1. Somewhere in the stretch 511-520, is a residue open to solvent by 10 Å² or more (accessible area, probe 1.4 Å), touching a helix residue (DSSP H, G or I) at 6+ places or on another chain (Cβ under 8 Å) and either at pLDDT below 95 or in a loop (DSSP other than H, G, I, E, B) (or both)?
2. Hey, which of the strands (runs of 3 or more DSSP E) in the stretch 65-135, taking only ones fully inside, have at least 1 residues that are small (Gly, Ala, Ser), under 30 Å from Glu499 (Cα atoms) and touching a residue at least 12 places away in the same chain (Cβ under 8 Å)?
3. State yes or no: is Trp166 out of contact with any Cys (no Cβ under 9 Å at 6 or more places or on another chain), open to solvent by 10 Å² or more (accessible area, probe 1.4 Å) and either acidic (Asp, Glu) or part of a strand (DSSP E or B) (or both)?
4. Limited to the stretch 95-119, what total is found for residues that are closer than 21 Å to Ala223 by Cα and open to solvent by 60 Å² or more (accessible area, probe 1.4 Å)?
5. Among (1) at pLDDT below 95; (2) crowded, with 16+ Cβ neighbours inside 10 Å; (3) not aliphatic (A, V, I, L, M), where does Pro213 come up short?
6. Please determine whether any residue of the stretch 355-364 is in contact (Cβ under 8 Å) with a residue 60 or more places away in the chain and not aliphatic (A, V, I, L, M).
7. Hey, among the residues in the stretch 42-64 that are within 32 Å of the chain's Cα centre (by Cα) and of a type in the set (Gly, Ala, Ser), which one's nearest to Phe497 (Cα to Cα)?
8. Would you check if Val38 is open to solvent by less than 60 Å² (accessible area, probe 1.4 Å) and either touching a Phe, Trp or Tyr at 6+ places or on another chain (Cβ under 6 Å) or not in a strand (DSSP E or B) (or both)?
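The values are calculated or read from the model by the stated rules, or taken from the named source; none is laboratory data. As the structure is a computational prediction, the values presented were derived from the model and not from experiment. So basically every Cβ, Gly included, is an ideal-geometry build from the backbone, and we count neighbours across all protein chains shown. The protein model used for the area step is the full one, side chains on, heavy atoms only, and it has no ligands, DNA or RNA in it. Shrake-Rupley method; radii C 1.70, N 1.55, O 1.52, S 1.80 Å.
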Amino acid sequence: MRLLLAAAFAVLAAPAAFADGLIENVNGITLDKDGKVVRFTGLLIGRDGKVSQLLTPRDKAPKQLDFRHDGKGLTMLPGLIDAHGHVIGLGFAALTLDLSGTNSLEEAQAAIRGYAAKYPDRRWIIGRGWNQEKWGLGRFPTAADLDVAVADRPVWLERVDGHAGWANSRALEIAGITAATKSPAGGRIEMVDGKPSGIFVDMASELVAKHVPAPRPVERDLALAEAQQALLKVGVTAVADMGTTVADWQSYRRAGDEGWLSVRIFGYAAGIDNMVAIAGPRPTPWLYDDKLRLGGVKLYLDGALGSRGAWLKKPYADAPGQTGLPLLVPAELRNMMVRASMDGFQTAVHAIGDAANAEAIGAVEDLAPTYTGDRRWRIEHAQIVDPADLPRLAKNGIIASMQPVHQISDRLMAEARLGPDRLAGAYAWNSILKAGGKLAFGSDVPVESPNPFHGIAAAITREDANGQPFGGWMAAERVSREQALAGFTIDAAYAAFAEGRLGSLSPGYRADFILVDTDPLLASPAQIRETKVTEAWVGGRPVYTAGQPAL
């Protein structure tokens, strides 16, 4: 591992000299600060790594340049911004067992068995990505199902949404889990015949997870290098890191200090303790030429639909005795938001169910009269919102930070969990905009693929890659191509207080851009999904070329 990490750093730490340059022969597309489309054929970069001018065919390029780069007629877009991701989680997903591609319990068991055989010296088998809904299992998997694959070593596997964990019997033994173990507040131990089944939902996951050996700093750095490669490959040059820990921040700072931090990271601390430990009494300044900042805090109010942890106003249609898991009582949520707001930190509240979203909106309404100014309150996911609550988002200037690909992945599950009569406020992008609200788009990587072009295609069609359902699921909630692009550029930048710096290729902005083979404003949805990124530049220097490691 040390040799691999050293090789990665050798590539990533390439010189970062700035120069006056021209990227010419491009089909350039950007949005200005008002969301209007601007087209151009050439981009001038200043020595400060910022855009100095956009050129059209009528303009003459300066004669004295340090470099000229032929865009070969490719489409140039601003570097895309993922408004909600988990950077180190993406890296570790690439380094550990990934079950996201399995389509049945049997496939998952075979993958687990093969991974254990490949790594006989690993004390724990860890990974993520399982999804019982995708498998068509009709139930949660069990420890016994896992024992069939690996019984002699502890196994701990996170569900695809990160809101449940699956343990084998050896892991249960190490964690001391018995029939007498009680579910903690905000969590649920799934039981079968009066015994723990091996599934732990939300806060209950910590009962087992705390026994898994923590990654070493060198392993975190390798995960960051893997994550940067994965993001740049699909055109993401900046990401809001939702749930930054002290250990994550230390890895980002090492990368910045050593010159290999290529992706811009907007940090949102994993709770108040991490916020204070990382930033102290106020948000950090922008570091490394706007590459890194800790400006907010991520708070969890409920779980996810897949594990029935999302907090609903009425019981689940497919589990009448359950309404989900509120992870904070109202006073706790408000106290945490006050603690962050009094020191100028932005709050980003995870809320998926309609009860959680109503509670998050209510908390903002309670705090906004006291904590005035430009707060940009965020709700992360906002997947199921009571239609009666949608206007409250706009009234309070709340940003709905949403992930279009979740609608594609969750459609059938949402129908089962909610029933047909409670879907009106589900993934309601257009309704939020029509009510005057604000959107920012992301992927929730590694829950979903980091590919923003999948998100753009989903946002404009509400159809999956196979064109289903024809015409789109609840098609009235589709957004325009321009709105979808804005969600991954200027609106995502605004959501992180990065407007004026990032998200557009207007003069004065950082020269973060990608060259791709598809024009997303003209291409078919299928073509958009298959978009290939040829180059990615950050701050006026190339950081990724297709077929080569990221710089």
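1. yes
2. Qualifying strands (runs of 3 or more DSSP E): 80-85.
3. For Trp166, the condition - out of contact with any Cys (no Cβ under 9 Å at 6 or more places or on another chain), open to solvent by 10 Å² or more (accessible area, probe 1.4 Å) and either acidic (Asp, Glu) or part of a strand (DSSP E or B) (or both) - is not met.
4. Residues meeting the conditions: 3.
5. Of (1) at pLDDT below 95; (2) crowded, with 16+ Cβ neighbours inside 10 Å; (3) not aliphatic (A, V, I, L, M), only one is false for Pro213: (2).
6. Of the stretch 355-364, the ones in contact (Cβ under 8 Å) with a residue 60 or more places away in the chain are none.
No: zero hits.
7. Step by step, filter the stretch 42-64, then rank; the result is Gly49.
8. When the stated conditions are applied, Val38 does not pass them.
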